[in-house]
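Notes to accompany the following structure.
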Amino acid sequence: PRIAELLGEVSPDRMREYLEVLVGFEQRHTSSVLDGPGETGIIPAREYILDTFRGFSPLLQAELDCYEIRPVSRIRQEIELCNVMAVLPGRSDRRIYVSGHYDTVARRKDTGSFDWGRWDNPAPGANDDGSGTVLTMELARVFAQSGIEFDATLVFVALAGEEEGLVGASLHAQRAAEDGIRIDAVFNNDIIGNSMGGNGIVDGRSVRVFSEGPMDSMSRQMARYIRRWAGRYVPGHEVRLIAREDRFGRGGDHTAFNRMGFPGVRFSESRENYSRQHEAEDTWDGVDFDYLARNARVNAAAVATLALAPPAPEIDGGRGPMLGRGESGYDAHLRWAESPGAKGYRIVWREAWTPEWEHELRVGPGTEHVLPDISIDDFIFGIAAIGPGGHESLVNPYVRPPRSFTRVEEIGR
């Protein structure tokens, strides 16, 4: 009931309000910091996002996450790049991120091409990625004002430098890895608010979730988790799982976290309109705010459930997953470390050629279970922790890492 109430607080009107302000800055080019403070550009945009975060609740710890950038690739001069963060502390230090990028870029009307060193042309970026930014802002408000105490710490972040090569996300993810911060999941939202494709097809009842492989990566476990819990809380909105890191030939900020070993997925609308991406025509009237609100609720359902659940059980015994054949030699003997706060566990398994979990079994407190007459060669297994309120963790799969082999020439003749 608490999660259902939280989802009901998501407001399309508030997201419209945030987006109209962001689009009003005319462009939010990452390098427009060189213009200095003014009524346009990325500086007033980040100050607006920061002030809005701070106004939601004293529980939110809002701050700029800044880096000095040397000229590199599409950034032609030294600049200060700042992500905008709002942290909602939980009972534990493990983190769950919700993100969108607030920077923009658009083709020049006079040449029809990109000039990455200039930012004096309109780039409103309403859908790319104002939509993901305002979704992130609205969920920061809803979660901070919910009155719910979450086990996980929630981080709502508007990232910069995405259009120049995932710069802000890469720097933040690298710093988090160096500092030993535990990030359990990154929910990245990019181009998430348009329900009519450029081919005229309308789809306001589904959203795509992209995740990196292999099939049993933790990012793919996230994708399955999102569809499972969105089906419970937002049953009229289909989550379409796409077995790709991102759209063909394109990328997003979740990839920067993936590269540092953090699970993360990308949400994108089902029907893209490319004429409203990286163009001056990407204005706020091209965003369907009711559709955007449904996508926000899909995010919120999975984020809230995961944040209330215990952490996923650890299953690595030092030499790989703790999975054996049992005393008989023909059973599946699963072992795991106790998950803090767990009252039980859900064991799942499927045939090894199949992407979806086919079977499940709930078991009580304990750290092992035997599934009789089930071959560990023929099935993939996983386990999730269940908290006292019934909220479940991500599934941790029993998958052995790839083996390494000695090269023949190193052995000798």
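Place +1 on the Cβ of every Lys and Arg and -1 on the Cβ of every Asp and Glu in the chain, take the dipole about the Cα centre, and give the residue among Ala123, Ala307, Ala337 whose Cα lies farthest towards its positive end. The listed residue farthest towards the positive side: Ala337. Between Arg76 and Phe114, the simple label model (points 7 Å from Cα in the Cβ direction) yields a spacing of 1.4 nm. Using +1 at the C-beta of Lys and Arg and -1 at the C-beta of Asp and Glu, which of Phe289, Ile201, Phe53 has the Cα lying farthest in the positive direction of the dipole of the chain? About the Cα centre, the residue reaching furthest to the positive side is Ile201.
Normalised by the number of residues in segment 1-155, the average gap of Cα pairs under 8 Å and 6 or more apart makes the relative contact order 31 percent. Here the chain is treated with +1 on each Lys and Arg Cβ and -1 on each Asp and Glu Cβ, and its dipole about the Cα centre works out to around 900 debye.
Does segment 257-413 come out rounded, prolate or oblate, given a ≥ b ≥ c as the square roots of the eigenvalues of its C-alpha gyration tensor, rounded meaning a/c under 1.5 and, failing that, prolate meaning a/b above b/c? It is oblate, given that a/c is not under 1.5 and a/b is not larger than b/c. Evaluate the relative contact order of segment 208-357 (contact order divided by residue number), counting alpha-carbon pairs under 8 angstrom at least 6 apart; express in whole percent. Rounded, it is 21 percent for segment 208-357.
Between Glu338 and Arg91, residue separation times 0.36 nm minus the direct Cα-Cα distance comes to 87.1 nm. The calculated FRET efficiency for Cys66 paired with Glu178, based on their beta-carbon distance and R0 = 25 Å, is about 0.95. Computed about the Cα centre, the dipole magnitude for segment 261-307 is approximately 380 debye when only Lys and Arg (+1) and Asp and Glu (-1) carry charge, each at its Cβ. Quotient of the Cα radius of gyration of segment 22-101 and 2.2 N^0.38 Å, N being its number of residues: 1.24. Solvent-accessible area assigned to carbon and sulfur over the chain amounts to 48 percent, based on a 1.4 Å probe. For segment 136-182, the set of trypsin sites (Lys or Arg not before Pro) satisfying both a DSSP loop assignment and a count of at most 15 other C-beta atoms within 10 Å is given as Arg182.
If the chain linking Met215 and Glu47 were pulled fully straight, counting 0.36 nm for each residue of separation and taking away their Cα-Cα distance, it would gain 56.4 nm.
Electrostatic tally near Pro372: other residues with Cβ closer than 15 Å to its Cβ, Lys and Arg +1, Asp and Glu -1, net -4.
What percent of all Cα-Cα pairs in segment 1-60 falls into each 5 Å bin, going from 0 up to the bin containing the maximum distance? Pair shares across the bins are 4, 16, 19, 20, 16, 11, 7, 4, 2, 0.
For segment 268-322, the fraction of alpha-carbon pairs lying more than 14 Å apart is 72 percent, rounded to a whole number. What the chain shows is 44 Å² of accessible area per residue, with the surface traced by a 1.4 Å probe over protein heavy atoms.
The length gained on full extension between Ile201 and Gln145, counted as 0.36 nm times the residue separation minus their Cα-Cα distance, comes to 16.5 nm. The distance separating the Cα centre of segment 43-91 from that of segment 148-201 comes to 13 Å.
At an R0 of 45 angstrom, the distance between the Cβ atoms of Leu59 and Tyr274 translates into a FRET efficiency of 0.70.
Computed over the chain, the convex hull of the alpha-carbon atoms projects to a mean area of 23.7 nm². Compute the angle between helix 42-56 and the longest alpha-carbon principal axis of the chain, please, reported from 0 to 90 degrees and rounded to the nearest 10. Tilt of helix 42-56: around 60 degrees.
Convex hull volume of the C-alpha atoms in segment 162-229, normalised per residue: 140 Å³. Across all C-alpha atoms in segment 62-135, the radius of gyration and Dmax reach 15.9, 54 Å.
Selection among Met215, Ile183, Leu159 by position relative to the dipole of segment 158-233 gives Met215 as farthest towards the positive end (Cβ unit charges, Cα centre). Between the beta carbons of Trp353 and Arg232, assuming R0 = 35 Å, the FRET efficiency works out to 0.80 to the nearest 0.05. Scaling the Cα radius of gyration of segment 74-231 by the globular reference 2.2 N^0.38 Å produces a ratio of 1.16.
Counting only alpha carbon atoms, the long axis of helix 131-144 and the longest principal axis of the chain meet at about 60°.
The values are calculated or read from the model by the stated rules, or taken from the named source; none is laboratory data. Only a predicted model underlies this, so the values are computations on that prediction, with no experimental measurement involved. A quick note on method: Cβ atoms are made from the backbone with ideal geometry, for glycine too, and the neighbour counts reach across all protein chains shown. Just the protein is used for accessible areas: all its heavy atoms, side chains included, with ligands, DNA and RNA removed. Shrake-Rupley method; radii C 1.70, N 1.55, O 1.52, S 1.80 Å.
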